[in-house]
Structure formats: C-alpha cells, structure tokens
Amino acid sequence: MRLRPTPLALALAVALPVAFADVRAQTPAPAPEAAIGEAGSAPPLLKLAPVLEPPPLRSAAPKAGSAPGAPAGTAPTVVAPAAGPASTPGTTGKPPEGSPLRVAPFAAGDGPIFMRADRLDGVVGKYVEAEGKVELRTRSETVLADWLHYDFNLDEIWGKGGVLLRRGPDSISGPEAKFKRDTETGYFREPRFVIGSNGARGSASTLEFNGPDRFDVTDGRYSTCVAPREDWYVRMDELEIDQKRRVGTGRNATVRFFDVPIAYTPWFEFPLDNERKTGFLVPTLGATGIRGFEAAVPYYLNLAPNYDATITPRLMTKRGLQLGGQGRYLFETFAGELNAEFLPHDRQTGTDRWGVSFRHNQDLSAITPGLAGYLNLNKVSDDTYFADLSDRIAVTSQSSLPREGGFTWARGPWQALLRAQTFQTLQDPGSPPVTPPYNRMPQLAGRLLETDWLGLSFDGAAEYVNFRQSALEPTGGRMYIYPGVSWDRQGAAWFVTARAAVHARQYWLDGTGQAADSTPSVTVPIASVDGGLVFERDWKAFGNDFVQTLEPRAFYVYIPYRDQNTLPNFDSAEDDFNFAQLFSVNRYLGNDRIGDANQLTLALTSRLLESATGAERLRVAVGQRFYFEDQKVTLGSEAPQAAGTSDLLALAEGRITDAWAVAGLWQYNFDSSQTERFNLGLRWTPGPGRVVNGSYRFSRTNDDPQPGSASELKQFDVSGQWPVAPRWTLLGRWNYSLADRKTLEAVVGVEYNADCWSLRVAAQRLTTTTETTTTSVYAQIELNGLARFGTSPLDLMRRSVPGYQQSNDPTISPREQGEPFPDY
C-alpha cells in the first residue's frame, strides 16, 4: 500500500480559496496606476492531505500455509514481531500491546509499511482485516482507523470508525472511506480536513471518486479560523474536479462573515494549481474627495498562454464611468504591454479624458547579433489627468511623459543607440510654467566600455542629436566625441588612477536670435588623478568584534578654460553637490557644458565592518574641494566659483544596532558661516511590526541665500507602525513643508488582526498640485487563505511607512494552532 494526495484536499484546500481569489496568481497583470488599486491576490498554494491507495504489489514467494493455487506475490504475509509469536493467516490473534506488525510485500520505493492493531485477521490471497486502534504507517504517511479491510480480489480498501489519513501537518478524517483501486471509484463519508501550512480546515457531506481524475464534493465548507471559532467560512453545494482538464466547477458558493453573506455566485469555474483562467477578478471599492465613491471590477481574458487581456470598468460617482484595458503579449522574439483608459464626459470638467501607455521590445538578433528595438509611448488627454485620477504622489508629480522608439546594439565592449524621442509636458495650473525638454529627432550614440590594452584602459563615447522644440530657441544639431585613456595601479592598501580625455563638440544651429556663428565648436582636454590608502585595525566595541577602516583619498582635476557661456544649452544642468560629485571631473550633467577646473578633492572615510561577516555597520565620511583658480564657465544664472574652498560635506549612515539605523548629510559654507543643507533620518525597529521613522530635510538655493527666504526647502517626515493593544496596530505618516506651511501628505491607518481575518482602514490626504488636495479612504477585509475584499491600502502603507509589515505576517503574529492530531 501507499499514500498519495487526496482529491478531497485538492478540492477543498485548493478549489475553495481560489474560487474567490485572483485566478491570475501566476502572472498578475498590473492595473494602470491612475485607474485601479490593488485587486487582491490569490492565497498561497496549499499542501495536500493524504489518502490511502494501494499500488501494484511486487513479487514475493508465498509462505507456508498459503492457500493452494494462490498467485505468487499477491497475498500479504504477516510477520510477527521479535518479541512474540507469529499470527498465522486465517486465524485470529492479539499481539502484545504496542508491538508493530509488518505487512509485506511493499510497493517499490515506498519502503516498508508497518501496521499494528488490537486484532489482526486475514486469508492468504483474499483479504487482510485489522480491528481495534488500527495504525498503518509508511515513511511519510499515517492511517488510523477503528477497522480496516483490504480485499485483494476486488483491489479495494475499506476503513470504518474514525478513519484518519495524515501526511505531515495535513490530515483528512471521517467515519468511513472506501476506494476501489482498479477503477479509481469510491467515496469518503463526512470528510473533515486540516491543512497545517495555513491552519485551514473544512468539511463536506460526501466525497465521491468517479474514475481517474474526476471526483465530486457535496456540501463543502472551508475556513482558516481555528476551531471552535468560525468567524468566516465558504460553503458550496457542489464541487466537481476534473484533473485531466485541470478545471474545477462549483455551484451555489457563499462566503459568510460572522454568519452574514458577503459574496455569492451561483456558478463558477476555476483552474487548478493557480493556472490562469478567464473570469472576474476581485473588485475594488473606495472613496476619495475628488472622485467620490468608486468601484472597479476587472475581467480577465486568458486568450492564450503567451498573451492575455484585462478589461476594467471603473465607476466614480463624481466623475463618471471609466473603461480601462490592458493587453500583454510574450513571444520568442518580442514582448509588450498596452494600457488604455477612457472616461467619457468627466462630470467635473465636462470633457472626455483618456490615457494611453504602450511598451514593446523586439529582439532583432536574427538580422545581426546584439541588435534590438523598442517603443515606449505615453500620452494623456490633459495636464491634470494624473492629479485627478491617481492616488500616488510619484504619479501626480509627473511633468513629462516620454514618447520614443529606437534601436540598441551591443557586441563585446561596443554599444550603440539610435532613437527618436519627444515629450508631453504636463503643466500644473497653480505653478510656474515648466520648461519643456528638447525633443531628440533623432539621436545616434555610441560607447566603448573600458578595454585594457598594453597596460592601459581605453574608453569613449560619441553622439549626434538633432534637438527640436517649437517653444524654445535655439534649435539644431550637436555632435560630440569623448575618448579617454587611463592608467590604473593598486596594491593591498593603496590605489592610483591617472586619466586623460578630450571632449570635442560641434553645433549646427538654426532659428532666430542666434549669434553670427551658426556652427560653433569647442574642444576641451580633461586630466585627472585619483588615489587613496586603506588602513585597517581590529576593534572591539559593545561586546562585538569589528574591523575599522581609515581611508584617505585625494582626487585632482585639471580642465583648461574654454569659452562656452555663449553656446546653447540643450541638455545640461548643474549637478547636485554631494560625495559622488566630489569625485566627478565635470560639475555639470549633460554635454553642453564642461566646466573649467583646477581643483583638488580631499576626503576621509571610516567604516565599521563586522569581523565575522564583513557586513558594514557604519560609515562616516568628510570631504571638501579646494579650487586653485576662479572658475569661468557658468550655466544660466549660476554664479562663478571663486578660488578657495567648497562647502564641507559630512556623511554618516549605517545600522548602529539591530534596532537603530541612521542616515545623515551636512553641507556647511565656511564663507557665509551657515548650513546650506542638512538631512537627517532615523529608524527604530525594536521588533517585527514595530517601526518609527523620522527625517528632516533642509536646503538653501544659491539664488536666494538669505535665511527664512521662500527658496528654502524645509520639510519633516515622520511615520511609524506600532501595536497599541492585542490585535490592534496603528500606523501613520505626516510629511509637512515648513517653508510652505502646508501638509504634503498625511496618512493614518489602523489594522485589526483576528488571526483568521484582518481589517485594514487607512485615510490619506495628498497634495496633488500646488492648489489642489484630495482625501482618500481605503478599507479592506482580508480572509486569510481566501481573498481580500475592498480597496487595498497595502501599497499606501508600504510606501508611507518604510519597514512596514502586515499585522497578520507570521513573523509578527504566528497563527494559533488547533487541536493536535488525534493519536492512539
């Protein structure tokens, strides 16, 4: 005999929870951000409970006393334990209490099967029967019953009286079970099951085996609440499982929460093993100040294994009915995704509103190795589309949507790009106009990655772009080449890198208001030397062994002055002053400005490393730049840097203890004796589900350095998650601008964990534009192991509270355990 997963467990442990969950669990299609919130997720695949099923017997010589004519290898032989006499087949005997009886022969690969009972009886070649605390065990399964009968001629197993089938933490039990092995037919009466992996349990009136790969369940019931609690359960009248088609069909299914029906379907069909299948997904509900009450019901279309679609009607009481759609495809040489939304006649604006996003990637290596193509197209109907229809600050703050297509090529150290790129610029009505970026029509770029040759490293870049923008002047073409060579040497405690490069540019300008020279050019040589030392020492602190490093570093750059202030600026901007910029040769981003430089950067870094693991616990650094000449190249309204010293930068970051983490940056101006920038963030996580975050940001622009001016950025951001009572957890976030005296985002939420279900409620107040705010409320009930109902605040909670963990996470609150398995 052997045990294998039972169809009942598959039906009740897999089918029931999946029935109301996301049927696309393997390949969820993300909904368009402005259209739909989280649609819920499918429960994890549940482990299966075991059932008894006899495999083919292997040959064994018949023992003395076998019935004449009995086929060899088909009759079991009862072998007595070493401590007592053997029981002869055909007689009744009671072995010593607790001594096992071994039944042979055994299924190949299953190992021996052990059986013990108060009484064992049988006839060679016909049957074996056990009664009184029957226990059958294999390597991984156990069968318990009051009475067990195996008919060899009918190839049938029959158990009565508290039949229990157990495999690992899973079990199924009932008063009677019968299974005919050759036809795979039979039944299990009043089965009850327990799934140890998620604490689920359930029952049914009957389970009928109707041949290979088919079985029916009548009056099924499922819940993850620990007995005797039954806060929620699912009940269905009928469930048919077709394992050959990998499809389940249910009828009259109801989800009841505190005995109140909250979901019902008269008929549904679902895939087994979480395969994708056409059908409705979990709907989302919610309410916001600018959209009113809203509900979205996604419908998924499983068109083929490699392409699908989702259609999502979204009703907003203050806006109207929006229709959203998503299509995805994946082929051997190309893949892509299309998202589209349409809101006819917005009740607030009186206009039709829509958004489209299309991404496509194409492998063209059949033409030439390393060649690929792509498209990335995005467009919305108006400037406030995201501000009105999205809940995420990262989306509402978008100002430029790219529309581009092109080709890429890579082969060894060589890379190339050819593309055309335009932008849609979204203007905030209450903010100063946003300067639109230049369109690249087209752009051709190439790069040589670092390649060693003759002890030197060579690299380079080249590009031609035709910049076009009707709202800007000048326009025209620009080409540059940027080859470089470096010499690198390093030892166990030192390194040095010397590099020389040339940046050469040529312009072809058109339009009005230009200087007489429409084809200016400039060539800028660049030289740099970078070197440093690394010292280490063992250090013992706080009872732990550490390695402390001391790493002085020097970086010198020389770039002679070349007049560039009259040249156009297509894509350059002043780089942020930080530690990475301290060790960059150019103080500008882009390729329209190469700043003149005769400067030296000195920095000192110290790290604290764990001796056992090498993990970095803490890093502190201080650095400053020394200018030996006045800088003459500027960009826009930038003031030229005089000879002298830069601001001092100090940095500290790391996880000081298992509970405390810190990250801070300080920029101090010695000339004006004032702080230019100060960022400090702290995180305290004393345990799972307990976290407090606090940060403060201050910066002063160069345009208006006076303290208290409107140009100052002063914000604080506090957030946290903390259990305040058994089962209750509070969380929140407050992001406030001191300079504007305005709340940028506020979130408050509460979670209630009832072990087998959870309630989450959150409210958000978000500044979408300079003059517009919106308030949103999210509410969700999660029935563990089944589905989530409502509008999910989980994404909001994760973004708002760094380090957030769900209150029903097993690491925070391990599930209660039900009654242990009954045993003899």
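The values are calculated or read from the model by the stated rules, or taken from the named source; none is laboratory data. Remember, it's a predicted structure, so these values are computed and weren't measured experimentally. Cβ coordinates were reconstructed from backbone atoms using ideal geometry, including for glycine residues, and neighbour counts include every protein chain displayed. All accessible areas refer to the heavy atoms of the entire protein, side chains included, with ligands and DNA or RNA removed. Shrake-Rupley method; radii C 1.70, N 1.55, O 1.52, S 1.80 Å.
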From Phe467, Phe407, Phe458, Phe386, grab the single residue that is in a strand (DSSP E or B) and buried (at least 17 other Cβ atoms within 10 Å of the Cβ). Phe467
Sole miss for Gly286 among (1) open to solvent by less than 60 Å² (accessible area, probe 1.4 Å); (2) free of Cβ contacts under 8 Å to residues at least 40 places away in the same chain; (3) over 22 Å from the mean Cα position of the chain (by Cα) is condition (2)
Condition test on Tyr507, is it out of contact with any helix residue (DSSP H, G or I) (no Cβ under 9 Å at 6 or more places or on another chain), open to solvent by 50 Å² or more (accessible area, probe 1.4 Å) and either assigned to a loop (DSSP other than H, G, I, E, B) or at pLDDT 95 or above (or both)? no
Picking from Thr675, Thr634, which residue would you name as being over 23 Å from Ala603 (Cβ atoms) and of a type in the set (Ser, Thr, Tyr)? Thr634
Please specify each residue of segment 337-383 satisfying the condition of being part of a strand (DSSP E or B), touching a Pro at 6+ places or on another chain (Cβ under 7 Å) and charged (D, E, K, R). Glu341
Among the candidates Ser611, Ser606, Ser584, Ser528, which residue alone is within 39 Å of the chain's Cα centre (by Cα), among the hydroxyl-bearing types (Ser, Thr, Tyr) and under 30 Å from Glu463 (Cα atoms)? Ser584
Residue list for segment 111-125, filter: surrounded by fewer than 18 Cβ atoms within 10 Å (Cβ to Cβ) and of a type outside the set (Asp, Glu): Gly111, Pro112, Phe114, Arg119, Val123
Quick check, is Leu449 closer than 19 Å to Ser584 by Cα and surrounded by fewer than 16 Cβ atoms within 10 Å (Cβ to Cβ)? yes
Heads up, the strands (runs of 3 or more DSSP E) in segment 530-638 (entirely inside) with at least 1 residues that are crowded, with 19+ Cβ neighbours inside 10 Å and of a type in the set (Phe, Trp, Tyr) are 544-559
Is it the case that some residue within segment 782-796 is open to solvent by less than 30 Å² (accessible area, probe 1.4 Å), under 30 Å from Leu426 (Cα atoms) and modelled with pLDDT of 90 or more? no
Any residue that is more than 20 Å from Gly732 (Cβ to Cβ), at pLDDT below 85 and hydroxyl-bearing (Ser, Thr, Tyr) - is there at least one of those in segment 772-779? yes
Looking at this structure, is Val434 touching a residue at least 24 places away in the same chain (Cβ under 8 Å), open to solvent by 30 Å² or more (accessible area, probe 1.4 Å) and under 25 Å from Gln469 (Cβ atoms)? yes
Residue among Val260, Val297 that alone is without any contact (Cβ under 8 Å) to a residue 24 or more places away in the chain and loosely packed, with under 15 Cβ neighbours inside 10 Å: Val260
Counted residues, segment 303-319 - those being surrounded by 18 or more Cβ atoms within 10 Å (Cβ to Cβ) and part of a strand (DSSP E or B): 5
Name the residues in segment 708-751 that are open to solvent by less than 50 Å² (accessible area, probe 1.4 Å) and small (Gly, Ala, Ser), would you? Ser709, Ser711, Ser719, Gly720, Ala725, Gly732, Ser737, Ala739, Ala746, Gly749
When the residues of segment 797-814 are filtered to those that are in a loop (DSSP other than H, G, I, E, B) and hydroxyl-bearing (Ser, Thr, Tyr), which remaining residue is modelled with the lowest pLDDT? Ser813
So which pairs qualify, if the first residue must be in segment 655-671 and in contact (Cβ under 8 Å) with a residue 60 or more places away in the chain, the second must be buried (at least 16 other Cβ atoms within 10 Å of the Cβ) and among the acidic types (Asp, Glu), the Cβ gap must be under 6 Å, and the two must be at least 6 apart or on different chains? Gln667/Asp647; Gln667/Glu676
Which of the residues that make up segment 181-205 are at pLDDT below 85 and either crowded, with 21+ Cβ neighbours inside 10 Å or in contact with a Gly (Cβ under 8 Å, 6 or more places away or on another chain) (or both)? Thr183, Glu184, Phe193, Val194, Ile195, Gly196, Asn198, Gly199, Ala200, Arg201, Gly202
Tell me which residues, restricted to segment 752-771, are assigned to a loop (DSSP other than H, G, I, E, B), open to solvent by less than 50 Å² (accessible area, probe 1.4 Å) and out of contact with any Cys (no Cβ under 6 Å at 6 or more places or on another chain). Ala754, Asp755, Thr768, Thr769
Could you tell me which of the residues Asp170, Asp182 is among the acidic types (Asp, Glu) and more than 42 Å from the chain's Cα centre (by Cα)? Asp182
Restricting to segment 206-257, name every residue that is among the aliphatic types (A, V, I, L, M) and either part of a strand (DSSP E or B) or open to solvent by less than 60 Å² (accessible area, probe 1.4 Å) (or both). Leu207, Val217, Val226, Val234, Met236, Leu239, Ile241, Val247, Ala253, Val255
Residues Leu338, Leu323: which one is buried (at least 16 other Cβ atoms within 10 Å of the Cβ), without any contact (Cβ under 8 Å) to a residue 24 or more places away in the chain and in contact with a strand residue (DSSP E or B) (Cβ under 7 Å, 6 or more places away or on another chain)? Leu338
